[in-house]
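Worksheet: one structure, shown below.
Where a number appears in this text, it was derived from the coordinates with a stated rule and is not lab data. All of these numbers come straight from a predicted model, not from anything done at the bench. For neighbour counting, all protein chains shown are included, and Cβ atoms are generated from backbone atoms with ideal geometry for every residue, glycine included.
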Amino acid sequence: MRIATWNINSVRLRLGLLENFTSFFQPEVLCLQETKVQDAFFPIKEIESMGYKHVAYIGQKSYNGVAILSKYPITGVFSCDFYNQDRRHIAGLINGIEIHNFYVPAGGDEPDEKINPKFKHKLEYIKFIQKWFLENRKKDDKIILLGDLNIAPHANDVWSTKQLKNVVSHTLVERDLLISLQESFNFIDSARYFTNMEEKLYSWWSYRNKDWRKSDRGRRLDHIWASSPLEEKLRSVQIIKDARSWSKPSDHVPLILDLQQLD
DNA sequence: ATGGTTGGCGCCCAA
């Protein structure tokens with residue numbers, strides 16, 4: 001089974017790119033973040049015509065919004081309001097795996113929770129996710145946790161760990177919280193499972209860099225984690241870097257995880 | 001140290 005995640009930064013604006021991506025890479029399951037559309041206006045017909053007959057989505061006007069597009073049935077769909085009314089989470093069961101799609105708050109500019117409520121929100125959001133999994137799920141459940149987690153946890157998940165140490169997404173408090181969430185539930189960081197820690201890995205390049213490929217000031221903000229019962233099923237991970245140079249791109253590129261056919 | 005760009009919406013906010 002091929003599972004992908006992509007912060008698409010407006011699903012309606014990028015239906016053409018979505019069509020190109022899905023027809024070329026053929027993910028059976030695709031999780032989107034920042035759909036930026038209310039449910040009444042979600043482009044369900046267009047997405048069904050791309051082959052995704054099972055779609056779960058929850059959105060709001062202008063901001064946030066998440067969706068799961070699937071070629072297999074989705075059951076038990078739910079969304080947690082972890083903190084406020086933001087539409088940042090949707091989950092469902094597909095082929096025996098519970099898939100959790102997250103859009104973690106970006107956290108604003110100032111990495112100080114005393115003066116920046118957005119940063120406080122972000123830290124609390126990660127703690128909330130951790131608490132929820134520890135209280136509601138077991139480590140031997142088959143779970144995929146993926147999405148735009150808006151944190152680059154390791155030194156080589158950013159272009160310069162020194163220059164970004166006080167930049168929201170790579171501060172020590174964020175990195176520690178994300179790694180704590182991962183380790184407390186024995187989640188496997190699938191991209192790092194297949195690529196050693198010394199190698200740079202990015203999934204996001206700012207719109208503000210004129211020549212993003214040349215400067216290559218990226219960050220790995222998007223993740224696909226698997227619970228330990230899925231370890232033997234992990235086959236490969238791809239980060240579709242070329243997507244950043246498509247016409248009218250998202251600032252995030254898709255990640256793809258291939259799992260061995262599940263029985 | 002600063003500013004750079006994008007999307008959605010509506011005359012600015014969030015990223």
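Can you list the helices (runs of 4 or more DSSP H) found entirely within region A:147-220 that contain at least 1 residues being touching a residue at least 60 places away in the same chain (Cβ under 8 Å)?
Qualifying helices (runs of 4 or more DSSP H): A:172-184, A:190-194.
Mind telling me which of the residues A:Ser49, A:Ser79, A:Ser10 ends up being of a type in the set (Gly, Ala, Ser), out of contact with any Phe, Trp or Tyr (no Cβ under 9 Å at 6 or more places or on another chain) and within 16 Å of DNA strand B (Cβ to nearest atom)?
Answer to the check: A:Ser10.
I'd like the residue in region A:117-146 that is touching a helix residue (DSSP H, G or I) at 6+ places or on another chain (Cβ under 9 Å) and part of a loop (DSSP other than H, G, I, E, B) and, out of all such residues, is nearest to A:Ser190 (Cα to Cα).
Applying the filter and picking the extreme gives A:Lys142.
Considering (1) away from DNA strand B (no atom under 16 Å from the Cβ); (2) in contact with a strand residue (DSSP E or B) (Cβ under 6 Å, 6 or more places away or on another chain); (3) in contact (Cβ under 8 Å) with a residue 40 or more places away in the chain; (4) not hydrophobic (A, V, I, L, M, F, W, C), say which one A:Thr5 fails and leave the rest.
All conditions pass for A:Thr5, except number (1).
Of (1) assigned to a loop (DSSP other than H, G, I, E, B); (2) under 30 Å from A:Arg137 (Cα atoms); (3) among the aromatic types (Phe, Trp, Tyr), A:Trp225 satisfies all except one. Which?
(1)
Only one of these conditions is not met by A:Val37: (1) under 24 Å from A:Asp258 (Cα atoms); (2) buried (at least 17 other Cβ atoms within 10 Å of the Cβ). Which number is it?
A:Val37 satisfies all of (1) under 24 Å from A:Asp258 (Cα atoms); (2) buried (at least 17 other Cβ atoms within 10 Å of the Cβ) except (1).
Quick test for you: out of A:Asn84, A:Asn64, pick the one residue that is within 12 Å of DNA strand B (Cβ to nearest atom), within 15 Å of the chain's Cα centre (by Cα) and not in a strand (DSSP E or B).
A:Asn64
Taking region A:229-263 as the region of interest, how many residues are in a helix (DSSP H, G or I) and either closer than 18 Å to A:Arg2 by Cα or within 16 Å of DNA strand B (Cβ to nearest atom) (or both)?
9
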